[in-house]
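The values are calculated or read from the model by the stated rules, or taken from the named source; none is laboratory data. Quantities reported herein were computed from a predicted structural model and do not represent experimental measurements. Note: ideal-geometry Cβ built from the backbone for every residue, glycine included; neighbour counts use all protein chains shown.
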Amino acid sequence: MFALSSLSVRFRLSAAIAVMFALILLVSVIGLRVLNRTELWMNVLHQDTLSEVSDALDLSRRAADLATSAPFLYALFPPFQLEQEAQNVRENLRLIEAHAASDPALDLPLARLSLAIEDLTTALVPQTARKADLTAIDRDMLRLNQRARRHAGDGSLPLAEREIWAELQQLTASALGAGRAEALIELGEFARRYRVLREQITPRIQPVHQQTFAEIQQAVARSAGLFVLKHNELAARLDAENALFRIRQEAGRISTFAEEKVTQAEARLSQARAETSSNLGIAKKSFLIFTAMSLLVAVTSSLYVSRYVAGNLRRIANAMRTLAAGDHSNDLPRARASDDEIGQLFAAFQVFRDNARKLDRRTGEIRRQNALFSRVFRNIQDGVAITSVDGQIEAENENFRKLLRVTSEKSAPPLRMDDLIARSAFTRQATAHERGGFEEYADASGHVLELRHSPLPDGGAVWLLSETTERKRIDERLEEIRRVETLGKVTGEVAHDFGNILSSISGNMHLLSTATEENASRVRERIGAALDLGVSLTERLLAFARKQHLEPQVTDVAQLIEGMADLLEIALPESVALHFDLPVDPVLAKVDPGQLESAILNLCVNAGQAISEAGSIHIAVTRDATDGACISIRDTGCGMAPEVLQHATEPFFTHRSDGNGTGLGLSMVDGFVHQSGGQMSLSSQENIGTEIRLSFPPLTGHTEAGPLAQARNGSGHALVVDDDPGHLRSTVEILTQLGWAVHQAPTYNDGAQALRTLPLLDLVVSDLNLDHGASGWEILELAKDKRPDCQLIVMSTRRITGMPATLQDVAHLGRIEKPMTTAKIKDLLHPQA
Amino acid sequence: MQADKSEPLIAIVDDDPNMRETLSALMRDSGFAPICCADIAGFHALGDPPPVDLALIDLRLRGESGLTLAIHIRERYEIPIVMLTGVGDEIDKIIGLETGADDYLIKPFNPRELVARIRAVLRRYGHGTARPSVSPGQDIAFGTLRIDVQSRRLLDAEGEEIPLTNAEYRLLEYFAKNPDRVIPRPELLEELGSDMQRYVDRTIDVLILRLRRKIEKVPSKPVHLQTRRAQGYIFHLAAT
């Protein structure tokens, strides 16, 4: 069943049809064969049995003929007739023999018959001659008898003579009786009487009698003698009768044989009939059985098709219908019943249903999520808006406009975010760059809004607008409190330190007025030292305030550290091992080298102090992702607790218990790094160590010049043409930072206009794809025309390939792939001639 | 305040009377003729063009900015300007194109450094001034530089002073007087005085770093001020 279940429906139906066909074929073959055999049988019966029967009948008739003709033969005396008849009988016999030639059972009877016929003819042929002799003798005797009776009755003659005549008469009567005897015994009786009588007479014979006696003697002895003849005749008659009897017997036998043959043929016939009918019966049964089997197969097949295939298809169709109607419950068996098409269909349906369920579940989830999102979207206190790729606001919640204090107009066309904000009373107070992720907007009445912008992968964006007026106010207040606190602390510390210095100076001044010349110089030295201290303290305060004087130069940071390595080693305890990881290639940064050295020294000494016994300090210089310089100082010291780390860069914060140090070290370094445009980051784990990373921005140009030259570099008048406000703004910002006076043109027409009217122009930067299909090349061509000395730069978001022939001869045509960066434009800007 | 013709006339513009007094005295001591002005108006009152050889201007005047004056001078006259400021980050503005100051000093400044700067500026503008006489026997020379022990100054090959702070000078002098000897750190600390320790937990090293920047041609490859590992510092007079 399992094996069956794995067969396909197609295979099963094909197999059923094949079986049916085979059965029908079998039935036909059987029928054909049975008919053929029957026909053959009939033919054989007709040919063999019928001829045999006719032969047998013929034989029987001839045998009967023979039997009837043989006695007739006995009755015929004329020898020629006999001969003729015997010939006929023999002919008859030959015919029978010819008939029976094939049958050995007839040989003996036929031989006997032939012998009997031979015997009959042999016995009958001399009978005629004997009959004639016997008739002649009888006639003689009769005459002699009458002579003797007449002499015996003739009284005239002597008695003795008469007596002898009487005796002669008796003698002839005996001879006559013998001649007429019908049986051999009778003949014998007559023969004995004759001989007795002849003996009695012979002696008394008288001469008168002599002649008659001789005549009697003579008549009796005629031919072979009366008695012999008579005996032969009787014997021949017995032989003939015997032969006849035998003929009759054999003929009877032949008849019997023929009858037997007929009987046999009948038996064969009936057997053949029985056989044929049994064959036919078997064929009939076979027909019935195979037909029944075919019927069974056909019925099974049709049942299979109607019930299994069609039924299952209907079930699946119904299940599909219910599924389509949204009802996922169905009664189809989950487990796969078989491997055939139906089973596969079931399995496929189950997969389909599972998918539909999954889809349904997911749809439900999405619906729930959507509901959740829309609830959040509607009820969130912040304003939420979503913009499309082209900057149009696609969706916004009510709060968005409410927070912006803009009345909402339902029918208004979609706006851009900038337009919407422009319609409100709010103006931007801080950019996302300044605030670290959000823009700040404020209106005249002091409301502050935070606008967060999260780009979506498809190019659109989500905007989150939140009211931060209150928080801002609290923040500001807290900030102020903190500032005042810090200020107070710093002021107090500074006052204390300066108090010390001033006390020292005033004390020494006092001494100076009364000091001898010898002492005066020592007093002055002390005053000088106090002044040095004051100067040092001032420097540190300025450093913390990020207001110290720096002389930034392009410095190879690695080389700088390498150069001070010997000093560091001496400045640190011997138990502290110093490891340097410095690249061979220069790592350039624009910093004040002296101050950087001081900072590194400070940090290393700090690190050394964090190491109580033995330990190591690793100093590494690397380039960060933006190609800026990065210095890492990592120690294996005691580290800092998080709360200590938090305050580490505050001024006058010292964690050292011995009160050593001003507490200005880290704050100074921090101030210096920030004033140099860099960042300082600390990470520390207690009992593991501290790592301080100083990172400086990458060099923005190739200039080695000092601040004076930098200020003069790159200044001039620039025109920026870009239809994308964002790109326009960023490009303008970059150029302004580089010291350019920038005129911005948001459209092609504005750009062209500016090219014609601006009095001074040293640089033209244009986007390649401008508004209304205008090309940046046109702006640049116009610029080349109007301002031949101008430097030209084209920028695009895509790779810029090709260039109009008219611009081929421009010496310094720069190409920039957006986004625009300071470095990119710096690379292209060449010093003005 | 009689101005000698041979002495360059220095206009001191400062709103603090004490400062004016001190600077005035310092100028006079250094062989200059000082004229004091309390504010911008005072400077303008000197005449047009003002009869001065150099203007020493404090950046912060009462109610006004020294920058305004500096710009004014730069626009009209050929007078060199040296500015004094308390805040380091404004230097760029001071010597920027607009202002065009010739030099600057951050308060508190070293008087000797101020004088040296003023002399240098004047020399650039063609006012050769007599330097204080130098007694050659007192000099300690190393490389192309020499230390004038008498006037406690460091001079370069052209005789220009390289400004040093007191502590820097004291350190350099000690090194120069003990050449080619490994000087251990504690010895240096003792020499410079323990009273500096409060702020000077690392001052020796800072001082040495600064000195190197001032005396070594290539600070990262010092030839004079070197170290001996685990021993201390050593000063070579001759560049090897």
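Some notes on this structure:
- The lone exception for residue A:156 - which of (1) over 16 Å from residue A:224 (Cα atoms); (2) touching a residue at least 12 places away in the same chain (Cβ under 8 Å) it fails: (2)
- Residue within the range A:535-542 that is surrounded by fewer than 19 Cβ atoms within 10 Å (Cβ to Cβ) and of a type in the set (D, E, K, R) present: no
- Checking each residue in the range A:730-768 for being over 19 Å from residue A:789 (Cα atoms), in contact with a strand residue (DSSP E or B) (Cβ under 8 Å, 6 or more places away or on another chain) and free of Cβ contacts under 8 Å to residues at least 12 places away in the same chain picks out only A:736.
- Flag for residue A:589 being more than 10 Å from chain B (Cβ to nearest Cβ), more than 30 Å from residue B:187 (Cα to Cα) and hydrophobic (A, V, I, L, M, F, W, C): yes
- Answer from A:173, A:181 - the residue that is of a type in the set (Gly, Ala, Ser) and modelled with pLDDT of 85 or more: A:173
- Residue match in the range B:3-25 (condition: within 12 Å of residue B:118 (Cβ to Cβ), without any contact (Cβ under 8 Å) to a residue 60 or more places away in the chain, crowded, with 16+ Cβ neighbours inside 10 Å and touching a Pro at 6+ places or on another chain (Cβ under 6 Å)): yes
- Residue check, residue B:164 of a type outside the set (Asp, Glu) and touching a residue at least 60 places away in the same chain (Cβ under 8 Å): no
- Meets criteria (modelled with pLDDT of 85 or more and within 11 Å of chain B (Cβ to nearest Cβ)) for residue A:671: yes
- Residue list for the range B:66-85, restricted to those being touching a helix residue (DSSP H, G or I) at 6+ places or on another chain (Cβ under 9 Å) and farther than 16 Å from residue B:103 by Cβ: B:68, B:72
- Condition check for residue A:464: of a type outside the set (Val, Ile, Thr), within 60 Å of the chain's Cα centre (by Cα) and surrounded by 15 or more Cβ atoms within 10 Å (Cβ to Cβ): yes
- First in the range A:178-202 and farther than 14 Å from residue A:216 by Cα and in contact (Cβ under 8 Å) with a residue 12 or more places away in the chain, second anywhere and among the hydroxyl-bearing types (Ser, Thr, Tyr) and outside any helix (DSSP H, G or I), Cβ under 9 Å, 6 or more apart: none
- Considering A:450, A:479, A:470, A:485, the condition of being surrounded by fewer than 16 Cβ atoms within 10 Å (Cβ to Cβ) and under 30 Å from residue A:377 (Cβ atoms) is satisfied by A:470 alone.
- There is at least one residue in the range A:545-555 that is more than 15 Å from residue A:673 (Cβ to Cβ), surrounded by fewer than 21 Cβ atoms within 10 Å (Cβ to Cβ) and within 13 Å of chain B (Cβ to nearest Cβ).
- Residue match in the range A:773-788 (condition: over 22 Å from residue A:808 (Cβ atoms) and not small (Gly, Ala, Ser)): no
- Among the residues making up the range A:193-248, those that are surrounded by 15 or more Cβ atoms within 10 Å (Cβ to Cβ) and either among the β-branched types (Val, Ile, Thr) or farther than 27 Å from residue A:129 by Cβ (or both) are A:197, A:201, A:205, A:209, A:212, A:213, A:216, A:220, A:247, A:248.
- Residues of the range A:303-325 include at least one that is part of a loop (DSSP other than H, G, I, E, B), loosely packed, with under 11 Cβ neighbours inside 10 Å and either touching a helix residue (DSSP H, G or I) at 6+ places or on another chain (Cβ under 9 Å) or not acidic (Asp, Glu) (or both).
- Only one entry of A:779, A:793 meets the criterion of being at pLDDT 80 or above, more than 58 Å from the chain's Cα centre (by Cα) and not in a helix (DSSP H, G or I), and that entry is A:793.
- In the set A:691, A:704, only one residue is modelled with pLDDT under 80 and acidic (Asp, Glu); that residue is A:704.
- Filtered residues of the range B:37-57 (kept if in contact with a Leu (Cβ under 8 Å, 6 or more places away or on another chain) and of a type outside the set (Asp, Glu)): B:37, B:40, B:43, B:51, B:52, B:54, B:55, B:56, B:57
- The range A:371-482 holds helices (runs of 4 or more DSSP H) entirely within its bounds, and those carrying 1 or more residues that are closer than 21 Å to residue A:729 by Cβ and basic (Lys, Arg) map to A:417-423, A:432-435.
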